[in-house]
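> Quick one: the structure is below, questions incoming.
Only the coordinates and a few stated rules stand behind these numbers; no lab work does. Note that the structure is a prediction, hence the values are computed from the model and not measured. Using ideal geometry, Cβ is built from the backbone for each residue, glycine included, and neighbour counts are taken over all protein chains shown.
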Amino acid sequence: MKAAPDMTRFFHPVLPARQLGKTPVCIEIGERRYVLFRDQHGRAAALDDACPHRQAPLSKGFVRSDGRLACPYHGWNFDAFGHGRSPAQPTLTHCDTIAYQLVENYGYLWLAAKQTSISALTKLGWDGFEFAGSFSTLFKAPLHVALDNFSEDEHLPSVHSSLGWDEGGLSQVSFKAETFSERTEVHYQGPQRRSPWLPFLGVKAGDQFHNDWITRFDPVHAVFTMFWVEPKTGRQRPLITRTAIFMVPETSSRTRFHTFVFFKIANKSLLHQFVPVVRWALLQAGRRELAADASFIVNVADTPLELEGMHLGKFDKPVIHNRRLLQSIYYGGKGET
Ligand code: FES
Ligand SMILES: [Fe+2]
């Protein structure tokens, strides 16, 4: 196995902030474990999850009344900056461990190395868009396999039951992909199939469904913009959704997705009176679609990193480019963990 690059050079979303209470939590990025905890002021902090003494997991320890995280083995304890003390040898000076940045953004805690500039935090939120909510989904597959799934819409009829077109509509789908040195841009449009969610979103079966997305690798995430057009009049339906999906490789066989859903409703639309319903429908539908991908992905989890031998079609152009950028940008050209 090649040496794993340091993933903490990027800010990754790792946990909904409300899930970090008094008990320390272990999270993983790229086969490395980090412990999250809150000190006596409620401030969220992150340290390496291996005690510098003899590597016991600090996440199995507890937060003392003075806000220091205590190791469960011999009680060495640490503040939010990683400054350590040994109760048995108070004069010992090599007790410190590595501390990380942990910032809250859109209800999630985002982790990065201390030296990573805060300006590297991915900007979410766009003019006129409202935040609907967020959720996480576990993909039991390596990052490259999970990313492949979010690089094409050819699988919509087979894997999904509501999103976009069914098999009958597939031949009417138009598709364009543009590849750049740091991103991939993809545009799909095709007939929207029937779905129980459509009335809640002001959409009708037969509308032209547009799915445009941009994938970047600092860290790996894709931002999908979806909207619908009424085919007879060419008028756009009032709802536009924008969904940012972050793909965090916890281990070489497990990827955690963190999804942030936004939406915008056109001025003067009746849909403004039903914003709570729109928000609810978007989150429910989003969770289901991600769950559909996650439940299928286990079947292709062993797909190799090399694409040789695969009979690729036109829809796979972004798959190829994303795999390249995954290696060169996210893994820093050093190979996958
Ligand atoms: S291993 Fe943590 S105090 Fe000994
Ligand atoms: Fe999918």
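> If you keep only loop residues by DSSP, which trypsin sites (Lys or Arg not before Pro) in the stretch 224-254 have at most 13 other Cβ atoms within 10 Å of their Cβ?
Here the trypsin sites (Lys or Arg not before Pro) that fit, given the DSSP loop and packing criteria, are Lys232, Arg235.
> Quick check: the angle from helix 275-297's long axis to the longest principal axis of the chain, C-alpha only, nearest 10 degrees?
Helix 275-297 sits at roughly 80 degrees to that axis.
> Divide by every residue of the chain the summed helix terms, -39500 (n - 2.57) for each DSSP H run of at least 4, and state the resulting mean residue ellipticity at 222 nm, rounded to the nearest 500 deg cm²/dmol. Walk me through the numbers on the way to the answer.
Values: 5 runs with 47 residues, N = 337.
Taking each H run of at least 4 residues, the total per residue is -4000 deg cm²/dmol.
> Could I ask something else about it? Enumerate the calculated ³J(HN,Hα) couplings along the stretch 111-127 in order (Karplus 6.51 cos²θ - 1.76 cosθ + 1.60, θ = phi - 60°), each rounded to whole Hz, writing x wherever the residue is Gly or Pro.
Taking θ as phi minus 60°, the curve returns 10, 8, 5, 4, 7, 6, 5, 4, 5, 7, 5, 4, 7, 10, x, 9, 3 Hz for the stretch 111-127.
> Within 14 Å, Cβ to Cβ, of Trp110, how many net charges do the neighbouring residues add up to if Lys/Arg are +1 and Asp/Glu are -1?
With Lys, Arg at +1 and Asp, Glu at -1, the neighbours total +2.
> Here's another thing I want to ask about it. Any idea how far the Cα center of the stretch 157-171 sits from the one of the stretch 73-135, in Å?
42 Å
> Which of Lys123/Lys232; Lys60/Lys123; Lys176/Lys204; Lys204/Lys314 have a Cα-Cα distance over 31 Å? Each step should come with its number before you reach the end.
Working: Lys123/Lys232 37 Å; Lys60/Lys123 33 Å; Lys176/Lys204 24 Å; Lys204/Lys314 28 Å.
Beyond 31 Å between Cα atoms: Lys123/Lys232; Lys60/Lys123.
> Also, I was wondering about something else. Taking 8 Å as the Cα distance limit and 6 or more residues as the minimum spacing, I'd like the relative contact order of the chain as a percentage.
That works out to 19 percent.
> Sort by residue number and report every cysteine in the chain with no other cysteine beta carbon within a distance under 4.7 Å.
Lone cysteines by the Cβ rule: Cys26, Cys95.
> What is the local net charge at Asp166, summed over the other residues whose Cβ is closer than 14 Å to its Cβ (Lys, Arg +1; Asp, Glu -1)? Each step should come with its number before you reach the end.
Details: positive: Arg193, Arg194; negative: Asp153, Glu154, Glu167, Asp207.
Net local charge, Asp166 excluded: -2.
> Please list, in chain and number order, the residues 5+ apart from Tyr108 or on another chain whose amide H is under 5 Å from its amide H, with Hs placed from the backbone.
Hits under the 5 Å cutoff: Ala17.
> Same structure, new question: Can you give the three extents of the C-alpha atoms in the stretch 7-119 along their principal axes, from longest to shortest, in whole Å?
Projected onto its principal axes, the Cα set of the stretch 7-119 covers 41, 25, 22 Å.
> If packing is taken as the average number of other Cβ atoms within 10 Å across a peptide's residues, how do 157-163, 91-97 rank, most packed first?
Top of the packing list down: 157-163, 91-97.
> Just to confirm a number: summing +1 for Lys and Arg and -1 for Asp and Glu over residues other than Ala80 whose beta-carbon lies under 10 angstrom from that of Ala80, what do you get?
Numbers: positive: Arg38, Arg43, Arg68; negative: Asp39, Asp79.
Result for the neighbourhood of Ala80: +1.
> Related question: List the residues, sorted by chain then number, that are 5 or more residues from Gly133 or on another chain and whose placed amide H is less than 5 Å from its amide H.
The answer is Val261.
> Then there is this: Please sort by residue number the trypsin sites (Lys or Arg not before Pro) in the stretch 271-337 whose DSSP state is loop and whose Cβ has at most 13 other Cβ atoms within 10 Å.
In loop regions of the stretch 271-337 (DSSP not H, G, I, E or B), the sparsely surrounded trypsin sites (Lys or Arg not before Pro) are Lys334.
> Which whole number in µm²/s is D for the stretch 123-330 by Stokes-Einstein, with the Kirkwood Rh taken over Cα pairs at 4 °C and 1.567 mPa s?
Using the Kirkwood radius from Cα pairs, D works out to 74 µm²/s.
> Separate question: Of the listed peptides 21-30, 6-15, what is their order by residue-averaged count of other C-beta atoms within 10 Å, with the highest listed first?
So the order, starting with the most tightly packed, is 6-15, 21-30.
> Are there any trypsin sites (Lys or Arg not before Pro) in the stretch 145-197 that are in a DSSP loop and have at most 13 other Cβ atoms within 10 Å? List them by number.
On the way: sites: Lys176, Arg183, Arg193, Arg194; in loops: Arg193, Arg194.
Loop-located and lightly packed - Arg194.
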